[in-house]
Structure formats: structure tokens, C-alpha cells
1. Taking only pairs six or more apart or across chains, which ones have beta-carbon atoms under 6 Å, a first residue in segment 74-93 that is over 13 Å from P31 (Cα atoms), and a second residue that is at pLDDT below 95 and part of a helix (DSSP H, G or I)?
2. For V64, indicate whether it is at pLDDT below 90, touching a Ser or Thr at 6+ places or on another chain (Cβ under 7 Å) and part of a helix (DSSP H, G or I).
3. Could you look through segment 1-24, keep only residues that are surrounded by 11 or more Cβ atoms within 10 Å (Cβ to Cβ), in a helix (DSSP H, G or I) and of a type in the set (A, V, I, L, M, F, W, C), and pick out the one that is modelled with the lowest pLDDT?
4. Of the residues I32, I45, only one is modelled with pLDDT of 85 or more, assigned to a helix (DSSP H, G or I) and surrounded by fewer than 12 Cβ atoms within 10 Å (Cβ to Cβ); which?
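The values are calculated or read from the model by the stated rules, or taken from the named source; none is laboratory data. Here the structure is a predicted model, which is why all the values come from computation and not from measurement. A quick note on method: Cβ atoms are made from the backbone with ideal geometry, for glycine too, and the neighbour counts reach across all protein chains shown.
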Amino acid sequence: MHISYNKRLNHGDLAGLTSVKFILILQYIIPITVILFTHTKIIGIVRQRTARTTAISGAARAEVTMRRNKKTTQILLIIAAAFGVHWLPFHIYTIGNKTFIIMST
């Protein structure tokens with residue numbers, strides 16, 4: 001089977017591929033960027049509060065606070081990673097499928 005890469009794409013093919021890319025940006029790139037931005041801000045605020053708490057309170061309380069903040073950071077990173085890992089295959093498949101359909105017609 002020979003696939004010609006020099007063929008012209010018609011308007012429907014380009015529109016379909018453009019819509020798939022638009023959906024990728026709208027449903028994956030923008031949400032993952034917002035998630036990472038907000039989680040980074042939350043982690044920064046938690047670390048600032050931890051630094052203040054450790055300076056004011058005793059060593060035992062500071063250790064408990066640091067453990068809690070570490071757990072919070074881990075949960076936020078797991079949420080962001082889970083979103084990225086679970087949605088990326090869908091978008092790769094969608095773009096790959098649309099590209100394959102265009103190339104095979």
C-alpha cells in the first residue's frame with residue numbers, strides 16, 4: 001500500500017483536523033495549564049504558611065505541619081498528573097485517527 005503525501009487536502013479534511021486541534025487546546029491544554037498554575041499558587045501559599053508556623057511554634061508542631069503540607073503537595077501533583085495521563089491518550093488517538101483518515105483517502 002502506497003500513501004501519497006503530495007495530495008491536496010480538501011476543505012473538509014482541513015476543517016476536521018482543525019476542529020480536532022481546537023478541541024485538544026480547549027479540553028486539554030487550557031485545563032492542564034490552569035490546573036498547574038493554580039496548584040503551583042496553592043503550594044506556594046502552603047509553603048509560606050509552613051515557614052511562618054515553623055518560625056513561631058515548637059519543633060513538634062512544625063514537624064506535623066510540614067508533614068501535612070508535604071501530603072497536600074503530593075495530592076495536588078497527583079491530581080494534575082492524573083488529569084494529564086488520563087486525557088492525553090484520548091487526544092493522541094483522536095488526532096492520529098483523523099490524520100490517518102485524511103492520509104488514507
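1. If the second residue must be at pLDDT below 95 and part of a helix (DSSP H, G or I), the pairs left are L76/H39; H91/L24; H91/Y28.
2. Spelling it out, it is not the case that V64 is at pLDDT below 90, touching a Ser or Thr at 6+ places or on another chain (Cβ under 7 Å) and part of a helix (DSSP H, G or I).
3. The qualifying residue modelled with the lowest pLDDT is L14.
4. I45
Quick grid of which residues meet (1) in contact with a Leu (Cβ under 8 Å, 6 or more places away or on another chain); (2) among the polar types (S, T, N, Q):
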| position | (1), (2) |
| --- | --- |
| P31 | no, no |
| V34 | no, no |
| I42 | yes, no |
| R47 | no, no |
| T53 | no, yes |
| A59 | no, no |
| R67 | no, no |
| T73 | no, yes |
| I79 | no, no |
